[in-house]
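Have a look at the structure below before the remarks.
The values are calculated or read from the model by the stated rules, or taken from the named source; none is laboratory data. Computed from a predicted model, the values in this text were never measured in an experiment. Reconstructed Cβ throughout: ideal geometry from the backbone, glycine too, with neighbour counts over all protein chains shown.
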Amino acid sequence: MELPSDALLAQIINAASDAIICVDQRQQITFFNDGAAHIFGYDAPEVIGEKLDRLIPARFHAAHRSHVRNFAHSPVPARRMAERSRVTGLRKDGSEFAAEASISKVMSDNGPLYAVILRDVSDERAAAHSNERLLVEMQRAVRARDDLLGLVSHDLRNPVNAVRMLAGAILRSAAEGEALPPHVAEHASVMQQAASQMDALIQDLLDVTRIEAGRLLMAPQPMASALLVAGALETMRPIAESRGLRLSSKVEPGTPPVMADPDRITQVFSNLIGNALRFSPDGEEVWIEAHVAAPLVTFSVHDRGAGITPEELPFVFDRFWQAKRTNRSGAGLGLSICRGIVHALGGQIWIVSDVGKGTVVSFTLPMAGEEPTA
Ligand SMILES: Nc1ncnc2c1ncn2[C@@H]1O[C@H](COP(=O)(O)OP(=O)(O)OP(=O)(O)O)[C@@H](O)[C@H]1O
Ligand SMILES: [Mg+2]
């Protein structure tokens, strides 16, 4: 390999963006490259022959001199940047900046010389500081929002349940033949329904907060897949029948049991089937399929409803997201909660949809006895 000529080396050193400064034994500057001129704001002739102290804030002079003395007497030929702590530089205009410096000892004909290579890191530091500050502020805002959401949801449940129970008591009196003013039973029924809706929404908000905070508790246990599906159908049948929709299932024979929290999986199925029913035309069919794909079991909810456009599909799992043109009941929390529950149980959830043809929402659960994959 051919070594570069002295002239070429000089060019390389001069063009380096780092400051390269040489000082002699008396700490007088003997070399000052273009990088140093750029960083410190001096032209080379202004500082050649001057003490290195010119480039260091006064309060660091004593410490710096003792550093150099120690280094002069140490057998270590060079210290690299990583071995040195950050230093502070002083520009011609009096401003200071954070820098990273390395120093090496070189023997010349006139005795030892010290070569300092220094990099201005004030921009990096400022950027890192402002990023850290932003991150802390963001985390604080998210925590405050979640705390508020949790608190409000929790404290709303009691009064809402009181309304629901009292409306139920009025309805029971009416059913038992008590004479009530006209419309009271009708109003009580509306109140009860509204309070139930409110309670469901509060539950969802609480779940979302728990998922966000990673505090969604699961009690997985081995559950027969066919039983989970049958339970889900039974829960949702009254809603389907009220709309004249058929509800059915196709569980592949031999589908093994899964690890599931039964209440939470009922919640997943209720939302998925609820969505499927809501977006299906009257008289249509909604069905659940289940089959094994070891070590997982895949469950899917099928409808022949309106479908979801490819543009909307990426957003359906976002909290509070609902397609604009669709039937706007609910809060847009169901799918994000389903995803939180399925993930917490070690499964995955996804949607395939064809506009005008229908939608299939599938999720997996680990087979009982298998380690969760997520
Ligand atoms: N089976 C489906 N067919 C067509 N669109 C659907 C289907 N399931 C979900 N979507 C679309 O995704 C949106 C989000 O669904 P998600 O279950 O999260 O909320 P929601 O049902 O609107 O309200 P919530 O579940 O909180 O009561 C729905 O509003 C709808 O636009
Ligand atoms: Mg829903």
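Only one residue in Ala344, Ala276, Ala331, Ala368 is within 12 Å of ligand 2 (Cβ to nearest atom) and over 24 Å from Ser248 (Cα atoms), so which one is that?
When all the criteria are applied, what remains is Ala331.
Please find, among Asp282, Asp263, the residue that is within 16 Å of ligand 1 (Cβ to nearest atom) and loosely packed, with under 13 Cβ neighbours inside 10 Å. Let's see the steps before the verdict.
Details: Asp263 fails: within 16 Å of ligand 1 (Cβ to nearest atom).
Selected residue: Asp282, the only one of Asp282, Asp263 that is within 16 Å of ligand 1 (Cβ to nearest atom) and loosely packed, with under 13 Cβ neighbours inside 10 Å.
Pull up region 279-299, narrow it to residues that are aliphatic (A, V, I, L, M) and assigned to a strand (DSSP E or B), then point me to the one that is nearest to ligand 2 (Cβ to nearest atom).
Start the filter on region 279-299 by keeping residues that are aliphatic (A, V, I, L, M), which leaves 286, 288, 290, 292-294, 296-297.
In the following step, the residues that additionally are assigned to a strand (DSSP E or B) were identified as 286, 288, 290, 292-293, 296-297.
Numbers: Val286: 13, Ile288: 16, Ala290: 21, Val292: 27, Ala293: 26, Leu296: 24, Val297: 23 Å.
In this case the residue turns out to be Val286.
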Task: Residue count, region 48-72 (criterion: farther than 13 Å from Gln25 by Cα and among the basic types (Lys, Arg)) - done: 2
- [ ] Assess whether Val297 counts as being under 28 Å from the mean Cα position of the chain (by Cα), within 15 Å of ligand 1 (Cβ to nearest atom), within 24 Å of Gly369 (Cβ to Cβ) and surrounded by 18 or more Cβ atoms within 10 Å (Cβ to Cβ).
- [x] no
Task: Val190 vs. criteria away from ligand 1 (no atom under 16 Å from the Cβ) and either among the aromatic types (Phe, Trp, Tyr) or assigned by TED's automatic domain parsing to the domain that holds Ile170 (or both) - done: yes
- [ ] Please determine, by comparing only the residues of region 98-122 that are acidic (Asp, Glu) and part of a strand (DSSP E or B), which one is farthest from Phe40 (Cα to Cα).
- [x] Glu100
Task: Residue that is modelled with pLDDT under 90 and assigned by TED's automatic domain parsing to the domain that holds Met198, where the choices are Arg172, Arg164, Arg133, Arg143 - done: Arg143
- [ ] Looking for whichever is loosely packed, with under 13 Cβ neighbours inside 10 Å, in the same structural domain as Arg86 (by TED's automatic domain parsing) and either under 18 Å from Thr88 (Cα atoms) or in contact with an Asp or Glu (Cβ under 7 Å, 6 or more places away or on another chain) (or both) here; the options are Ala62, Ala72. Which one fits?
- [x] Ala62
Task: Qualifying positions in region 320-342 - surrounded by 15 or more Cβ atoms within 10 Å (Cβ to Cβ) and more than 8 Å from ligand 1 (Cβ to nearest atom) - done: Arg339, Gly340, Ile341, Val342
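State which residue is nearest to Leu333 (Cα to Cα) when the search covers only region 251-273 and only residues that are assigned to a helix (DSSP H, G or I) and more than 16 Å from ligand 2 (Cβ to nearest atom).
So in region 251-273, the residues assigned to a helix (DSSP H, G or I) come out as 262-273.
Filter once more, so that each one left must be more than 16 Å from ligand 2 (Cβ to nearest atom): 262-263.
On the way: Pro262: 20, Asp263: 18 Å.
For region 251-273, the residue satisfying everything is Asp263.
Looking at Leu171, Leu151, Leu135, which one is among the hydrophobic types (A, V, I, L, M, F, W, C), closer than 21 Å to Ile202 by Cβ, free of Cβ contacts under 8 Å to residues at least 60 places away in the same chain and part of a helix (DSSP H, G or I)?
On the way: Leu171 fails: closer than 21 Å to Ile202 by Cβ; Leu135 fails: closer than 21 Å to Ile202 by Cβ.
Checking each option against the conditions leaves just Leu151.
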- [ ] Kindly establish whether Phe317 is in contact (Cβ under 8 Å) with a residue 40 or more places away in the chain, surrounded by 13 or more Cβ atoms within 10 Å (Cβ to Cβ) and either within 15 Å of ligand 1 (Cβ to nearest atom) or farther than 28 Å from Gly346 by Cβ (or both).
- [x] no
